[in-house]
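The values are calculated or read from the model by the stated rules, or taken from the named source; none is laboratory data. A quick note: this is a predicted structure, and the numbers were derived from the prediction, not measured. Because the Cβ atoms are built from the backbone with ideal geometry, glycine has one as well, and the counts that use them run over all protein chains shown. The accessibility values were calculated without ligands, DNA or RNA, using every heavy atom of the protein model including side chains. Shrake-Rupley method; radii C 1.70, N 1.55, O 1.52, S 1.80 Å.
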Amino acid sequence: MEPRTPLADFLRARRQLVRPEDVGLPTGSRRRVRGLRREEVALLAGISNEYYLRLEQGRDQHPSEQVVDALARALQLDAEATAHALELSRARPRRRVGSPQHRPERVPEGVRMLLESVNVPAFVMDRYRDVLAVNRLATALEPALVVGANRLVSLFTDPQARSYHPDWAQNTASVVAQLRADIGAEQDDARFQALVGELSVKSGRFRQLWARHDIRTSGSPTGVVHHPVVGEVVLHREKFAVIGTASLVVVMYHAEPDTPSAEALAMLASLS
């Protein structure tokens, strides 16, 4: 069996997403593989078949930046995916066996006070999308937004997620691509492995998206929530890093002033 390495997995997945006609190659009636053949990628990148085979088999994990750039052009990667491939290709120090890999972060008391003082839905999450603090308006907007919940697990497994999020298909694709970008090459992280394992078992949609190896460093600045009481609310999404913490961010939702969404959000605030 071929060893599974982050770079090898990434190259295999992205190769299968490129159609021959997208790069000027004939499709042919006898093609049996999805996407490009290995030798076709090697030809397009200007490297030998043997060297590309070693990369996909994980026998060579640290190609030069020039080779990664050539592969990025062959696989039609955008700037974010190319940067991700470069990160995967760099040598990284090995984790010490038995060293702690995930400790829940503490939300600063001032940030907790901020959540309660703002009149918009707001919460704090870490890089794994675990919710660590949340205000009442955020939970009123979306009942799954509670301390201890994981945003990804809720989105993919909560039966109400699709009804609350009319843009569920686009949203799920975006958050999985962001998760890959956030984790980068740290794929031996125990909490990360557990989260991906849980989602892979519970959601076919997650398995499909995870296998694509899409990369996106930021999501859509707006989102839509279909609330059963106040109706459809179009919200802007803002994220602020919490200085002094490893990965905490404050997420706030707000509506465009003088719009039906602003009125709906104000009504929800009065009810909560």
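What the table shows:
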read-out	value
Scan of the stretch 210-224 for residues that are open to solvent by less than 70 Å² (accessible area, probe 1.4 Å), assigned to a loop (DSSP other than H, G, I, E, B) and either closer than 16 Å to Ala8 by Cα or among the aromatic types (Phe, Trp, Tyr) (or both), ordered by number	Ala211, His213, Asp214, Ile215
Considering residues of the stretch 246-255 that are at pLDDT 95 or above and not aromatic (Phe, Trp, Tyr) only, the residue farthest from Arg106 (Cα to Cα)	Ala255
When residues of the stretch 148-184 are limited to those that are free of Cβ contacts under 8 Å to residues at least 60 places away in the same chain and among the basic types (Lys, Arg), the one farthest from Asp130 (Cα to Cα)	Arg162
Failed criterion for Asn171 (all others in (1) open to solvent by 20 Å² or more (accessible area, probe 1.4 Å); (2) farther than 29 Å from Asp189 by Cα; (3) part of a helix (DSSP H, G or I) hold)	(2)
Which numbered condition Arg207 misses (of (1) modelled with pLDDT of 90 or more; (2) open to solvent by 40 Å² or more (accessible area, probe 1.4 Å); (3) in contact with a His (Cβ under 8 Å, 6 or more places away or on another chain))	(3)
Scope the stretch 5-53; condition more than 31 Å from the chain's Cα centre (by Cα), small (Gly, Ala, Ser) and over 20 Å from Ala85 (Cα atoms); matching residues	Gly28, Ser29
Set Glu186, Glu116, Glu109, Glu105: member being farther than 19 Å from Val224 by Cα, open to solvent by 20 Å² or more (accessible area, probe 1.4 Å), within 17 Å of the chain's Cα centre (by Cα) and not small (Gly, Ala, Ser)	Glu186
Residue within the stretch 133-149 that is within 15 Å of Leu195 (Cα to Cα) and not small (Gly, Ala, Ser) present	no
Residues within the stretch 135-165 that are of a type in the set (A, V, I, L, M) and within 16 Å of Leu265 (Cβ to Cβ), tallied	5
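Results for (1) at pLDDT 95 or above; (2) more than 29 Å from Gln61 (Cβ to Cβ), shown as yes or no for each residue.
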| site | (1), (2) |
| --- | --- |
| Arg96 | no, no |
| Glu105 | no, yes |
| Gly110 | yes, yes |
| Leu132 | yes, yes |
| Ala161 | no, yes |
| Pro166 | no, yes |
| Ala169 | no, yes |
| Arg180 | no, no |
| Ala185 | no, no |
